[in-house]
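Worksheet for the structure shown next.
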């Protein structure tokens, strides 16, 4: 055969090999994220990560339960490398059911306080949300308030609003109270809350805040970012934050966080993403967009969040909120908290 034929064939084979190699490199430098955090809250972070590392991030958003069910159904065939979700109860459940794996990262351990990450390295907090007291400034003095437990006092009868117990936020709060006080004492407290309700439990934190602002009740328990959003849209509302339990255990905190999936195909790059999200350069991207607190203690909250004042956090490892969640749900049902 003519020499030119072999040269062309060699070039074609070599070009094909280079193309396939390049395709494999591109594929290796992409990670897949399943996120219960909506697109507008996560895309800016992923874009910043890609700009810094060159690693592409493909993501799917859905509700927590749907994502967990999907990971279970997909098993070893899942394309997901990372699960991002809110509330430690959801992360703990994901770890319990085997869809997350234990990983070790000195960077994550340095950036994230011990009590805001799984002792086994299966999930890591990436932002902090505080569940605190909000009151009507026209009807309540700050000195009238002190703790979560005090809201069970009869002086609050007909003055308390609560979000439904069906949602995970109050379940986690009650679970942490069980870890602190024991089951019997916590049930007594929750029964006191129920006795003091001004209305049936409400569907969400925003509705509870609106009821307080309208004077239909005087005080409620909410995540601070709901307060921030509402006050941003209507700063004239007669609402203010009170940080409870500052003389003892501290404010109950929870997280938005993430873990590496059990069958991740690109674990190294997935860990890099979590390390980036916990870093000083990225923490405000993760926390500020939802009016949350950075998990990295070296990073200050946004000016709007900082304006709410400093507070002491409960240092108990939040893994207890997951471990005792089923117990908390049963207790709330016994206490008549629906």
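Bear in mind that the values in this text are calculations on the coordinates, not laboratory data. Note that this is a predicted model, so its numbers are computed, not measured. All Cβ positions, even for glycine, are placed from backbone atoms using ideal geometry, and neighbour counts span all protein chains on display.
Brief remarks follow.
- Anisotropy class of the range 215-338 from Cα gyration tensor, a/c 1.5 cut: oblate
- Estimated purely from DSSP H runs of n ≥ 4, each contributing -39500 (n - 2.57), the mean residue ellipticity at 222 nm for the chain is -13500 deg cm²/dmol once divided by its residues.
- Highest mean packing comes first when the peptides 315-322, 236-243 are listed by Cβ atoms within 10 Å, giving 315-322, 236-243.
- The range 61-105 and the range 209-271: distance between their alpha carbon centers, rounded to Å: 22 Å
- Cα-based shape type of the range 43-136, given that a ≥ b ≥ c are square roots of the gyration tensor eigenvalues and the cut on a/c is 1.5: rounded
- Helix 64-74 and the longest principal axis of the Cα set of the chain meet at an angle near 40°.
- When each of the peptides 149-155, 202-208 is scored by the mean number of other C-beta atoms lying within 10 Å of its residues, the order from highest to lowest reads 202-208, 149-155.
- Separation of the residue 183 and residue 107 label points, Cα + 7 Å toward Cβ, nm: 4.3 nm
- 20 Å reach of a label modelled at residue 195, 7 Å along Cα-to-Cβ, counting backbone N of the range 124-152: 145-152
- Full-stretch length increase - residue 167, residue 153 - with 0.36 nm per residue and alpha-carbon distance subtracted: 2.7 nm
- When you count the other C-beta atoms within 10 angstrom of each residue and take the mean per peptide, 63-70, 217-224 line up highest first as 217-224, 63-70.
- Cα long-axis angle, helix 267-277 against the chain (0 to 90 degrees, to the nearest 10): 50 degrees
- Volume of the convex hull of the chain (Cα atoms only), normalised per residue: 145 Å³.
- On the beta carbon distance between residue 316 and residue 267, with R0 = 25 Å, the FRET formula returns roughly 0.25.
- Counting only DSSP beta bridges with both residues in the chain, the antiparallel share comes to about 65 percent.
- Taking the C-alpha atoms only, the angle from helix 183-195 to the longest principal axis of the chain is near 70 degrees.
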